[in-house]
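The structure appears below as structure tokens.
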Amino acid sequence: MKKMIISVLGKDRPGIIAAVTRILFEQDCNIENVSQTILQNEFSGIFIVGVPKTLSEADLHRQLDAGLSPMGLHVYEKQLSTDNGSQMAVDSEPFVVVTKGPDRKGLVASITAIMAAHRVNVTNLQAVFKGGDDPNANIMIYEVDIPSDANHQALRRDLREKALALSLDLSIQHKLIFEAINRV
């Protein structure tokens, strides 16, 4: 089987995942990974799928589009690259960076620019902006992989300086500690 990544976007409503997975099943595809969320009443789903070699990308697109466009959904497919040579695995540790503070344009761009400068990879980001100055109404939670050879002290310093300039509260914890403290 070849691997494809399929993105589905559109106004949220019941039955979207059922429709997508039914079409994939009918095309003899195997779902390997799924990430789905709702952002301000908009559905966003990403599926990694094993596709039979006999099913062309064009035929898969036609089937998905025919089944999903009547629901007002947009679909995009892309063959997953099998070339892993360009992305060398980096020895890293998982951390969670949380920022809270007043809403303004450029918060995510400012924080992620510092992370990128320190070779930190953002693996998951959740941000909720309700506007205003209430620090508890605007929160960003970054799950990141920090390279083992990164200068942790410099990274923390740079993030704290930027957070201070943006009037943000910032915390950085190893993911295992964050999960243990925040377990419900």
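The values are calculated or read from the model by the stated rules, or taken from the named source; none is laboratory data. All values derive from a computational prediction rather than experimental measurement. No Cβ is skipped: glycine too gets one built from the backbone with ideal geometry, and neighbour counts run over all protein chains shown. The accessibility values were calculated without ligands, DNA or RNA, using every heavy atom of the protein model including side chains. Shrake-Rupley method; radii C 1.70, N 1.55, O 1.52, S 1.80 Å.
Structural remarks
- Of the residues examined, Asp145 is one that is of a type in the set (Asp, Glu), open to solvent by less than 70 Å² (accessible area, probe 1.4 Å) and out of contact with any Gly (no Cβ under 6 Å at 6 or more places or on another chain).
- If the condition is being out of contact with any Cys (no Cβ under 7 Å at 6 or more places or on another chain), surrounded by fewer than 18 Cβ atoms within 10 Å (Cβ to Cβ) and small (Gly, Ala, Ser), then segment 42-82 contributes Ser44, Ser56, Ala58, Ala66, Gly67, Ser69, Gly72, Ser81.
- Leu107, sole failed condition from (1) more than 22 Å from the chain's Cα centre (by Cα); (2) at pLDDT below 95: (1)
- Counted residues, segment 21-36 - those being hydroxyl-bearing (Ser, Thr, Tyr) and either open to solvent by less than 60 Å² (accessible area, probe 1.4 Å) or assigned to a helix (DSSP H, G or I) (or both): 1
- Listed by first and then second residue, the pairs with beta-carbon distance under 6 Å, at least 6 apart or on different chains, first residue in segment 151-163 and farther than 21 Å from Val108 by Cβ, second open to solvent by 70 Å² or more (accessible area, probe 1.4 Å) and of a type in the set (A, V, I, L, M), form an empty list.
- Per this entry, Leu9 is counted among residues that are part of a strand (DSSP E or B) and out of contact with any Cys (no Cβ under 8 Å at 6 or more places or on another chain).
Results for (1) under 19 Å from Pro94 (Cβ atoms); (2) open to solvent by less than 50 Å² (accessible area, probe 1.4 Å); (3) modelled with pLDDT under 90; (4) out of contact with any Cys (no Cβ under 9 Å at 6 or more places or on another chain), shown as yes or no for each residue.
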position	(1), (2), (3), (4)
Ala116	yes, no, no, yes
Val128	no, no, yes, yes
Asn138	no, yes, yes, yes
Leu155	yes, yes, no, yes
Ala163	no, yes, no, yes
Asp169	no, no, no, yes
Ile172	yes, yes, no, yes
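- Some residue of segment 85-105 being open to solvent by less than 80 Å² (accessible area, probe 1.4 Å), closer than 30 Å to Phe25 by Cα and touching a helix residue (DSSP H, G or I) at 6+ places or on another chain (Cβ under 6 Å): no
- Within segment 91-112, residues that are within 12 Å of Leu125 (Cα to Cα) and touching a residue at least 60 places away in the same chain (Cβ under 8 Å) sit with their Cβ atoms under 6 Å from residues that are assigned to a loop (DSSP other than H, G, I, E, B) and of a type in the set (A, V, I, L, M, F, W, C), at 6+ positions apart or across chains, in these pairs: Thr99/Leu168.
- Phe25 closer than 30 Å to Ala113 by Cβ, at pLDDT 95 or above and not β-branched (Val, Ile, Thr): no
- Cβ-Cβ under 9 Å pairs, at least 6 apart or on other chains, segment 4-27 side closer than 10 Å to Leu64 by Cβ and free of Cβ contacts under 8 Å to residues at least 40 places away in the same chain, far side open to solvent by 10 Å² or more (accessible area, probe 1.4 Å) and in a loop (DSSP other than H, G, I, E, B): Gln27/Pro52; Gln27/Leu55
- Flag if Ser69 is hydroxyl-bearing (Ser, Thr, Tyr) and not in a loop (DSSP other than H, G, I, E, B): yes
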